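Derivation of every value follows stated rules applied to the coordinates shown; laboratory data play no part. Only a predicted model underlies this, so the values are computations on that prediction, with no experimental measurement involved. Note: ideal-geometry Cβ built from the backbone for every residue, glycine included; neighbour counts use all protein chains shown.
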Amino acid sequence: MSGNADCILETRDLTKEFKGFVAVNKVSLRVRRGTIHALIGPNGAGKTTCFNLLTKFLVPSAGQIVYDGHDITNEKPAVVARRGVIRSFQISAVFPHLTVLENVRVALQRKLGTSFHFWRPERSLAVLDARVMELLHEVDLQAYAKLPAVELSYGRKRALEIATTLAMDPQLMLLDEPTQGMGSEDVDRVRQLIKKVAASRTVLMVEHNMSVVSSIADTITVLARGATLAEGPYAEVSKNPAVVEAYMGSADAELAGPH
C-alpha cells in the first residue's frame, strides 16, 4: 500500500467530526519505523481523538490509516491489536491486589490466548515466569516482582503498565501521556524507560512535558484545533512562529525544553 517501507504508520487526511465539530481535521501523520514520535499541542488540539482513531476506539469520518502496508481504516480494535498496535493503558494494566509479577503474567496469558484458564494449576503458569522476569527487568521492576501492585509508587505503576504493554509484544506502542501527574524523579525514570523500550520498536506518544519530548522524540507533530500545525525535529518545530503562537497563553505546556 504505502511505497515507503520506512514508514510503519501513515494517516492520510484523517478526519473526525462530532455533530458538526471537527475534532481531527485532515491529519496526515507519517511515523517512521524504529523512532519515537511525539504528538503535542495545546488542550483541545485533538491529540486524544487522534489516538482513539488509530486504536479504532473511534471510527474516522474520512481519511485513511495505513499500518505496516495494510489499510486498517475499517478494521476492528482487536484485529489492529493483533497486528501489533498496542496502546498503553488500553489494556488497563494494573490489577492492584495482584503482585507485579502476576500483573505481567495476566498480560502474557492474553497474548497466548489462555486468559480464561484461571482454573489451571499455578505450576502450569510458571512456564511464563521466565518471560515475566525478562519484561520486569526491562522496566527495572524485577526487585518488586512479589509486591502487590497497589504498593508501587505512581511512577513505578506506570512502569508496570509499560511492562504489561510490552507483554503484548507491540510493534507500535502508543503511550498516552506517560508522565502525567509525576514528580521530576518519576518523570526522569519513565523518560529513560521509554528510550530503552523504543530501542527495538516504534513509539508514538502524546505528551505534555516538553522536556521529555525535546530529549527523546525523533519527530514531533504539533496539532492545533484538530489540524497539523507543524512536523519535524524538536529544534525546528520549537522555533516555528505558528507553534510558538499556538502555545502562547496555553498554561498546559511550554516549549522551553530541558532547563
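What is the ratio of the Cα radius of gyration of the chain to 2.2 N^0.38 Å, with N the residue count, to two decimals?
Ratio of Cα Rg to 2.2 N^0.38 Å: 1.03.
If you filter segment 1-95 for chymotrypsin sites (Phe, Trp or Tyr not before Pro), then keep DSSP loop positions with at most 14 other Cβ within 10 Å, what is left?
Loop-located and lightly packed - Phe57.
What angle do you read, to the nearest 10 degrees and between 0 and 90, between the alpha-carbon axis of helix 154-167 and the longest principal axis of the chain?
Long axis of 154-167 versus the principal axis of the chain: about 80 degrees.
For segment 198-211, take each phi angle, set θ = phi - 60°, evaluate the Karplus expression 6.51 cos²θ - 1.76 cosθ + 1.60, and give the result in whole Hz per residue in order, putting x for glycine and proline.
For segment 198-211, the Karplus curve yields 7, 4, 10, 7, 9, 10, 10, 10, 9, 8, 8, 6, 5, 5 Hz.
So what's the back-of-envelope 222 nm ellipticity for the chain, counting only DSSP H runs of four-plus at -39500 (n - 2.57) apiece and dividing by all residues, rounded to 500?
Computed ellipticity for the chain at 222 nm equals -9500 deg cm²/dmol.
According to a simple spin-label model (label point 7 Å from Cα along Cα-to-Cβ), what is the distance in nm between Ser61 and Ser184?
Roughly 4.3 nm, to one decimal.
Could you tell me which of rounded, prolate or oblate describes segment 171-226, using a ≥ b ≥ c as the square roots of the eigenvalues of the alpha-carbon gyration tensor, with rounded for a/c under 1.5 and, failing that, prolate when a/b is larger than b/c and oblate otherwise?
oblate
If you take the charge dipole of the chain about its Cα centre, with +1 on Lys and Arg Cβ and -1 on Asp and Glu Cβ, which of Leu166, Ser214, Asn43 is farthest toward its positive end?
My answer, from the dipole projection, is Leu166.
Whose amide H sits under 5 Å from the amide H of Asn240, counting only residues 5 or more places off or on another chain, with H placed in the peptide plane?
Hits under the 5 Å cutoff: none.
Among Gly63, Gly46, Gly183, whose mean-square fluctuation peaks in a Gaussian network model of the chain (Cα, cutoff 10 Å)?
Answer for the Gaussian network model of the chain: Gly183.
Quick one: dipole size for the chain, taken about the Cα centre, charges +1 on Lys/Arg Cβ and -1 on Asp/Glu Cβ, in debye to the nearest 20.
Approximately 680 debye in magnitude.
Starting from the Cα gyration tensor of segment 147-247, take the square roots of the eigenvalues, sort them a ≥ b ≥ c, and report rounded, prolate or oblate (rounded when a/c is under 1.5, otherwise prolate if a/b is larger than b/c, else oblate).
Verdict is prolate for segment 147-247.
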